[in-house]
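The values are calculated or read from the model by the stated rules, or taken from the named source; none is laboratory data. Computed from a predicted model, the values in this text were never measured in an experiment. Heads up, the Cβs are rebuilt from the backbone with ideal geometry, glycines too, and the neighbour counts pull from every protein chain shown.
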Amino acid sequence: MAPPFAPAGSWSTLLSALLCILLCSDVCVRQCGAAIGINYGQVGNNLPTPTQVVSLLSSLRVGKVRIYDVNPQVLSAFSGTGIELIVTVPNDLVQPMAASTGQALQWVTANIKPYFPATRFTGVAVGNEVFTDDDEALKASLVPAMRNLHAALAQLGMDGYVHVSTASSLGVLATSYPPSQGAFTQECAQLMLPFLRFLAETNAPFWINAYPYFAYKADPTKVSLDYALSNPYHVGAVDPYTRLQYTSMLYAQVDAVSFAAARLGYGGIPVFVSETGWPSKGDADEVGATVENALAYNRNLLVRQTGNEGTPLRPRQRLEVYLFALFNENMKPGPTSERNYGLYQPDGRMVYNVGFAQQQRTSAASLSLAASSAPPATTTNVRNDFTRLCLFSSLAILLTSQAFLLG
């Protein structure tokens, strides 16, 4: 877990940012939908139909979506849209799929082949957070199930289009800070070697579910809120071993996974974020679960994504991120926060506006991207890239100008 770091705002920085707002082109948030993925969860009894959801996503120009099943209505709704889709094999099917190549082939034949290629599948997540599950048999079955599934896709000629991986929680790491000291837990390390070997053989990514919110909630007096929110205007953290500077806890967590994989001999595997988000509402003991923080977190990530930003370890490899989630889901168990990660209410109202604006058309309400004053940025090291500094500082002004004016 990262130590606290104080914001480093100054009037000179703010004036520079203001000049950027005045001088740079107005294109940033127009590209946000295409730049970022979204998790479309369905644990609710009041959600819109899949067809309505796809209409919303298309109007937002969202190009990548992850779902947690293979619901036929959803798969049909995505047909012909061009939206990239990651689907999920539920945990209870992992062991049967590991035990039988026929089971894997049957699953692909029933759930992928009928919709391909009209529905643009790009990934299958075999289980979710299996490596940190208590079921030892489930964990042992994961890689054999992935191999059987990949073989089934290859048999049907789809392996060149659809990656096979699994989404893991940050609980697979024993150490995550500083990022260069990232290491898997002793238990997970034994399971990681065959998993990483499979990813390397099939050119598949390592998917991680990463939530800086949990780190902040666990110790808000020591974890910097600015760092957890990926706010661009603070000093951040410098890894004492690599001297890489991190202004985003999320990006530090991703690099920690990359370093952990490198320790096992697989440093070249790309690490992508399959889930991340911030709740807009929580229980009394859920510190930081507010609309303001959720807005800041997701908007900061949208801007970084639009700038094609990579992590400090891999600045030229754009980090792929899937926000959690599209809707608030009223049937999710657990604390209040679990039901309040959505960008939208089920009736289509925004919980908060991260850069999407709603417009009325003749037949029905549709959504289009709002203009933003943030300029585009290139993928280079944040310490040396003045364009990115302008981009981030501009966003900081938009989010904090009122506080500075009143102060």
Next item on the list: Please enumerate the residues belonging to the stretch 288-307 that are more than 18 Å from Tyr344 (Cβ to Cβ) and surrounded by fewer than 18 Cβ atoms within 10 Å (Cβ to Cβ).
Entry: none
Notebook entry, point to check: Tally time: how many residues in the stretch 88-103 are among the aliphatic types (A, V, I, L, M), more than 8 Å from Ala145 (Cα to Cα) and surrounded by fewer than 19 Cβ atoms within 10 Å (Cβ to Cβ)?
Noted result: 1
Notebook entry, point to check: Counting only residues that are modelled with pLDDT of 95 or more, assigned to a loop (DSSP other than H, G, I, E, B) and not hydrophobic (A, V, I, L, M, F, W, C), which one in the stretch 46-62 is surrounded by the most Cβ atoms within 10 Å (Cβ to Cβ)?
Noted result: Pro48
Next item on the list: Please go through the stretch 154-164 and pick out each residue that is within 15 Å of Pro205 (Cα to Cα) and either buried (at least 22 other Cβ atoms within 10 Å of the Cβ) or not small (Gly, Ala, Ser) (or both).
Entry: Asp159, Tyr161, Val162, His163, Val164
Margin query: Can you tell me which condition Val130 does not meet? The list is (1) buried (at least 22 other Cβ atoms within 10 Å of the Cβ); (2) closer than 22 Å to Ala252 by Cβ, and all the others hold.
Written below: (2)
Checklist line | Thr109 under 22 Å from Ala200 (Cα atoms) and polar (S, T, N, Q) | finding: no
Item checked: Selected residue [surrounded by fewer than 20 Cβ atoms within 10 Å (Cβ to Cβ), touching a Phe, Trp or Tyr at 6+ places or on another chain (Cβ under 7 Å), within 27 Å of Asp239 (Cα to Cα) and not β-branched (Val, Ile, Thr)] from Ala174, Ala189, Ala167 -> Ala174
Check: How many residues are farther than 30 Å from Pro117 by Cα, out of contact with any strand residue (DSSP E or B) (no Cβ under 7 Å at 6 or more places or on another chain) and of a type outside the set (Phe, Trp, Tyr) when one looks only at the stretch 152-178?
Finding: 3
Next item on the list: For the stretch 324-334, name all the residues that are farther than 18 Å from Ala210 by Cα and either outside any loop (DSSP other than H, G, I, E, B) or in contact (Cβ under 8 Å) with a residue 24 or more places away in the chain (or both).
Entry: Phe327, Asn328, Glu329, Asn330, Met331, Lys332
Margin query: Here's a check for you: in the stretch 335-349, which residue that is outside any loop (DSSP other than H, G, I, E, B) and under 17 Å from the mean Cα position of the chain (by Cα) is farthest from Val238 (Cα to Cα)?
Written below: Tyr344
Item checked: Residues of the stretch 63-92 that turn out to be assigned to a loop (DSSP other than H, G, I, E, B) and small (Gly, Ala, Ser), as a count -> 4
Next item on the list: Please indicate, with yes or no, whether at least one residue in the stretch 109-122 is assigned to a loop (DSSP other than H, G, I, E, B), at pLDDT 95 or above and within 30 Å of Glu309 (Cβ to Cβ).
Entry: yes
Checklist line | Gly236 vs. criteria of a type in the set (Gly, Ala, Ser) and either within 23 Å of Pro205 (Cα to Cα) or free of Cβ contacts under 8 Å to residues at least 24 places away in the same chain (or both) | finding: no
Checklist line | the stretch 266-294, subset aliphatic (A, V, I, L, M) and out of contact with any helix residue (DSSP H, G or I) (no Cβ under 8 Å at 6 or more places or on another chain), residue nearest to Tyr227 (Cα to Cα) | finding: Ala294
Next item on the list: Answer with yes or no whether Val70 is crowded, with 22+ Cβ neighbours inside 10 Å and either under 21 Å from the mean Cα position of the chain (by Cα) or at pLDDT 95 or above (or both).
Entry: no
Next item on the list: Examine the stretch 191-206 for a residue that is under 30 Å from Asp285 (Cβ atoms) and in contact (Cβ under 8 Å) with a residue 24 or more places away in the chain, and state whether such a residue exists.
Entry: no
Check: Restricting the stretch 133-153 to residues that are of a type in the set (D, E, K, R) and in contact with a helix residue (DSSP H, G or I) (Cβ under 9 Å, 6 or more places away or on another chain), which is surrounded by the fewest Cβ atoms within 10 Å (Cβ to Cβ)?
Finding: Asp135
Next item on the list: Could you tell me which residue of the stretch 146-177 is farthest from the chain's Cα centre (by Cα), considering only residues that are part of a helix (DSSP H, G or I) and closer than 30 Å to Ala215 by Cβ?
Entry: Met146
